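Before any comments, here is the structure.
The values are calculated or read from the model by the stated rules, or taken from the named source; none is laboratory data. Only a predicted model underlies this, so the values are computations on that prediction, with no experimental measurement involved. Cβ: placed from backbone, ideal geometry, glycine included. Neighbour counts: every protein chain shown. In case anyone asks, the SASA skips ligands and DNA or RNA and just uses the protein heavy atoms, side chains included. Shrake-Rupley method; radii C 1.70, N 1.55, O 1.52, S 1.80 Å.
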Amino acid sequence: MTPRFPDTFLWGGAIAANQVEGAWQEDGKGISTSDLQPQGIFGQRVERKPGDFNIKDMAIDFYHRYPEDIRLFAEMGFTVLRTSIAWTRIFPQGDETLPCEAGLAFYDRLFDEMKKYNIMPMVTLSHYEMPYGLVKNYGGWGSRKTIGFFEHYARTVLERYKDKVKYWLTFNEINMSLHAPFTGVGLPENSNKQTIYQAIHHQLVAGARATKACHQIVPDGKIGNMLLGGLLYPLSCKPADMIETLQKNREWLFFGDVQVRGYYPAYMQRFFSENGIELAIEEQDKHDLRAPIDFISFSYYMTGCVTADKDQDVKRGNILDMVPNPYLPSSEWGWQIDPQGLRLLMNELYDRYQKPLFIVENGLGARDRVEADGSINDDYRIAYLNDHLVQVGEAIADGVEVLGYTSWGPIDLVSASRAEFSKRYGFIYVDRNDEGQGTLARTRKKSFFWYQDVIKSQGASLK
Ligand code: BG6
């Protein structure tokens, strides 16, 4: 069946400040946790010596080259571009009262450039980076004070861009803090569950306060959460595997449950007591949490399996540990490819929350080869995206309300998990390698023209 996408459907791509901008010390920007992770989101370094290499320092130099990139996105027909604001450009240490004007001015220029082409900005308030000053001086999200610093930052940018930005997201993949605590909540990697869940509680309260602020400051805007859509299947139909799967899926759905319902789901009481977790929740927090988001946004790359059998091999996907599904192929990075899983996930989220969905990340990380004539024939990427978009169409036909789709990394960027360059997602090739060599020149890949057709035909060209 040819997928039918509504006329209002937004088409575009998604990037994140720390993976594209570079200019890590320009215009007063402070040091972020990402600046201290040259190995990617699973590494942490608390000190940085002069001369240390981090490929994100320059990334793809989007900070200076954004006009060219936006023009290329416009050429593909984008109606939306998801990006993030680097918190450290606005509040370099995190706890200042006054924002950094040069940082604010950069995003003004960026959003104005998008407006020229009628590309709607969708802004993630925090995407895998926070001011390192807050980590060093307060213990990151472990401190209740960070809620106030974040709210101040959120209110500052909401006020500043209220006429330019109508789509907002709170924390990128908020559920990943369980697996990469330094990246997610600014805590040491070996933190215990008690500490991590307390930090997560602070982040949930902060996200709810930002949601309330958005509703006050941008009344004609919409704000969503952002989940790593980590749908898990039981490895077998053994009841014990089913129960294990229910529990594992709740580990990430818990975040959405709080963000939509405004309170902790009953099933977490048992989890907390069995794991010796006692959260400090103030009366005001309970009140603050009651700020439901307008839509659910999520990333989708893969699914995995769960079993109650403790001897099974577990593999790490992008963030979650999963048992491989014997029926699915994998990418070179071992991520299992499951287009139908996207339809399943969308139905699951819509049934559970009855809120519109926005797919804000999806794509294939792959090595690309530049041919002698300069062309890049990324048919594998086209196949991956085609098959996933067909399933989005199926979900829409199932009755799921979907606002839009932004593929991950429409232009090659630094990959998050290992800070590599050779793992590429783009429709636009960037000449740079893992060692940081290259001209940074941009080239249209075959998928560029393919996506242009998809957007122009409103999905009718999908096969
Ligand atoms: C998501 C993140 O987890 O996956 C992105 O929100 C990230 O920041 C993307 O880049 C793909 O992961 P990776 O490790 O291939 O870059």
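Annotation: Cα Rg of the range 169-279 relative to the compact-globule expectation 2.2 N^0.38 Å equals 1.16. In this calculation the C-beta distance from LYS193 to VAL46 is compared with R0 = 25 Å, giving a FRET efficiency of 0.70.
Return the percentage of antiparallel bridges among DSSP beta bridges fully within the chain, rounded to the nearest 5 %. Walk me through the numbers before you get to the answer.
Working: 9 of 43 bridges.
The antiparallel proportion sits near 20 percent.
Report the FRET efficiency, 1/(1 + (r/R0)^6), for LYS116 and LEU279, where r is their Cβ-Cβ distance and R0 is 41 Å, rounded to 0.05. That gives a FRET efficiency of 0.30. Summed over qualifying helices (DSSP H, 4 residues or more, each -39500 (n - 2.57)) and divided by its residue number, the chain shows a 222 nm mean residue ellipticity of -12000 deg cm²/dmol.
What value does the range 330-463 have for Rg/Rh, both radii from Cα atoms and Rh as Kirkwood defines it?
Working: Rg = 15.9 Å, Rh = 15.9 Å.
My calculation puts Rg/Rh at 1.00.
Over the range 10-456, accessible surface divided per residue gives 37 Å², non-protein components excluded, 1.4 Å probe. Taking square-rooted eigenvalues a ≥ b ≥ c of the alpha carbon gyration tensor, is the range 80-235 rounded, prolate or oblate, where a/c under 1.5 means rounded and, failing that, a/b exceeding b/c means prolate? It is oblate, given that a/c is not under 1.5 and a/b is not larger than b/c.
Under the classification rounded if a/c is under 1.5, otherwise prolate if a/b is larger than b/c and oblate if not, where does the range 46-116 fall, given a ≥ b ≥ c as square roots of the Cα gyration tensor eigenvalues?
Values: a/c = 2.85, a/b = 1.47, b/c = 1.94.
Here the range 46-116 falls in the oblate category.
Remark on SER330: its backbone amide H falls under 5 Å from those of ILE337, a criterion applied only to residues 5 or more positions apart or on other chains, H modelled at 1.01 Å from N.
Expressed in nm to one decimal, what extension gain is obtained for the pair ARG155 and GLN437 from 0.36 nm per residue of sequence separation less their Cα-Cα distance?
So the chain would gain 97.6 nm between ARG155 and GLN437.
Among ARG442, ARG71, ARG82, the sequence by solvent-accessible area, most first, with a 1.4 Å probe is ARG71, ARG442, ARG82.
Considering only LEU125, GLY341, PRO50, the residue lying farthest towards the positive end of the dipole of the chain is LEU125, judged by Cα position with unit charges set on Cβ. Distance from the C-alpha centroid of the range 319-381 to that of the range 128-198: 26 Å, rounded to the whole angstrom. Taken along the Cα-to-beta-carbon direction at a fixed 7 Å, the label points for ARG261 and LEU98 span 4.6 nm. What separates the Cα centres of the range 416-458 and the range 209-274 is a distance of 32 Å.
Non-local amide H neighbours of PHE358 (under 5 Å, H modeled in plane, Pro and chain starts lacking H): which ones? Distant-sequence amide H within range of PHE358: ILE296, SER297, PHE298, LEU403.
Working note: Karplus 6.51/-1.76/1.60 with θ = phi - 60° gives the range 240-247 the couplings 5, 5, 5, 5, 4, 5, 4, 5 Hz, where Gly and Pro are set to x. Residue ranges 32-38, 278-284 sort as 32-38, 278-284 when ordered by packing (mean number of other C-beta atoms within 10 Å per residue, highest first). Straight-line reach from LYS164: taking Cα to Cα under 23 Å and skipping same-chain neighbours fewer than 8 places apart, the lysines in range are LYS29, LYS115, LYS116, LYS212, LYS222. Our analysis of the range 391-463 gives Rg over Rh at 1.09, with the two radii drawn from alpha carbon positions and Rh computed by the Kirkwood formula. The portion of the accessible surface of the chain made up by carbon and sulfur, rounded to a whole percent, is 51 (1.4 Å probe; DNA, RNA and ligands excluded).
Between ILE243 and TYR380, 0.36 nm times their residue separation minus their Cα-Cα distance comes to what? Each step should come with its number before you reach the end.
On the way: separation 137, 0.36 × 137 = 49.32 nm, distance 3.59 nm.
Full-extension gain reported as 45.7 nm.
Both radii come from the Cα set of the chain: Rg as radius of gyration, Rh as Kirkwood radius; their ratio Rg/Rh reads 0.94.
Where does each of CYS214, CYS100, CYS237 land when they are ordered by accessible area, with a 1.4 Å probe and the largest first? Walk me through the intermediate numbers first.
Details: CYS214 0, CYS100 25, CYS237 120 Å².
Final ranking, largest accessible area leading: CYS237, CYS100, CYS214.
Legend: translational diffusion of the range 196-346 by Stokes-Einstein, Rh = Kirkwood radius over C-alpha pairs, 25 °C, 0.890 mPa s; D = 143 µm²/s.
What is the gain in length, in nm to one decimal, between LEU344 and GLU371 on full extension, counting 0.36 nm per residue of separation less the C-alpha to C-alpha distance? Write down the numbers at each step before the final one.
Numbers: separation 27, 0.36 × 27 = 9.72 nm, distance 3.76 nm.
Separation in residues times 0.36 nm, less the Cα-Cα distance, equals 6.0 nm.
What FRET efficiency comes out for the pair ARG250/ASP313, r = Cβ-Cβ distance, R0 = 30 Å, nearest 0.05? If you can, show how the numbers build up before the last one.
Numbers: r = 23 Å, r/R0 = 0.77.
Working from the Cβ atoms, E equals 0.85.
Relative contact order, whole percent, for the chain stands at 19, derived from Cα pairs under 8 Å and 6 or more residues apart. The mean of 1/r over all pairs of different alpha-carbon atoms in the range 1-142, once inverted, gives a Kirkwood hydrodynamic radius of 16.3 Å.
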